[in-house]
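Single-structure report; data block below.
The values are calculated or read from the model by the stated rules, or taken from the named source; none is laboratory data. Bear in mind the structure is a predicted one, so any value in this text is a computation, not a measurement. Neighbour counts run over all protein chains shown; Cβ positions are idealised from the backbone, glycine included.
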């Protein structure tokens, strides 16, 4: 087990180096940068060049890349060109905000999807399955941002039940106020996660029900409920648990649409604002952070499968 993990970590090192190259040089081919964004018509050429020199943008591209990678290795993520805030401090402040929104939504969505998917799969030719499949198709056909806008309009403006932006009202820090702000983005995330997860569980369960061992169990007199709980659910849950490792990048980098539309101070809205302002140090750091989480998520997924499936570990 330790040897396997060590091999995977060693293999990840060149991938991380390639990731730094992609993140850095992808930004360099952009026609504009943050200096162009903050420059005004009143600024002369000397002032603009001085800004570039202060931010190290006057150096050759290769030199800039080497400096950036060295700082990454040391844990120095640099500063935002626009706000002059420490990128590391901003990430530390925003990652918990994203996690507290994304993790419960994803876990609860998985629980609901498992219950619905298994139940519907065990009633393959029923009217209930047709209704569920129709609702899933309908939800997938509705643009996600439109659903968010609908919730904002109905519950935020017409009914005026829930706040429409931020984590807290001005001057409020209570738990009740937090949950009022939490409800709408949380509901939107549940809506976005559920359809794909239900389809995944339903399809996996359908495959299990068609296997020979299920036929043998039925021939031995096992009830459908017994087969569902003792055999099908176990084999369906294992890939779902490993799939959660793959969800790590999404969970920690947030939902760009939800966080932006509800002004949630998390990673997603931070990334969108950085792109809009062409704040490339922030964009590069978040890209690298996301890519690193993808690699880590793959590793966690493989390790969890390695632990859960004795056939692989043997």
(message) Can you tell me which of (1) surrounded by fewer than 18 Cβ atoms within 10 Å (Cβ to Cβ); (2) touching a residue at least 40 places away in the same chain (Cβ under 8 Å) is the one residue 205 doesn't meet?
(response) (1)
(request) Tell me the helices (runs of 4 or more DSSP H) entirely within the range 232-299 that contain at least 1 residues that are modelled with pLDDT of 85 or more and under 13 Å from the mean Cα position of the chain (by Cα). (result) 256-261, 267-276
(request) Pairs only if they're at least six apart or on different chains, beta carbon under 6 angstrom, first in the range 35-55 and at negative phi and without any contact (Cβ under 8 Å) to a residue 24 or more places away in the chain, second assigned to a helix (DSSP H, G or I) and surrounded by 11 or more Cβ atoms within 10 Å (Cβ to Cβ); list them, first residue then second. (result) 39/48; 51/35; 52/35
(request) Say whether the condition of being assigned to a helix (DSSP H, G or I) and surrounded by 15 or more Cβ atoms within 10 Å (Cβ to Cβ) is met by at least one residue in the range 211-224. (result) yes
(request) Go through the range 5-16 and count every residue that is touching a helix residue (DSSP H, G or I) at 6+ places or on another chain (Cβ under 8 Å) and loosely packed, with under 13 Cβ neighbours inside 10 Å. (result) 1
(message) Need the failing condition index for residue 269 against (1) within 30 Å of residue 66 (Cβ to Cβ); (2) buried (at least 21 other Cβ atoms within 10 Å of the Cβ), just the number.
(response) (1)
(request) Determine, yes or no, whether residue 282 is in contact (Cβ under 8 Å) with a residue 12 or more places away in the chain, surrounded by 17 or more Cβ atoms within 10 Å (Cβ to Cβ) and closer than 30 Å to residue 89 by Cβ. (result) yes
(message) Conditions first: (1) touching a residue at least 24 places away in the same chain (Cβ under 8 Å); (2) under 18 Å from residue 263 (Cβ atoms). Residue 114 passes all but one, so which condition is the exception?
(response) (2)
(request) Give the residues of the range 17-47 that are assigned to a helix (DSSP H, G or I) and surrounded by fewer than 15 Cβ atoms within 10 Å (Cβ to Cβ), sorted by residue number. (result) 17, 18, 21, 22, 25, 26, 28, 36, 37, 45, 46, 47
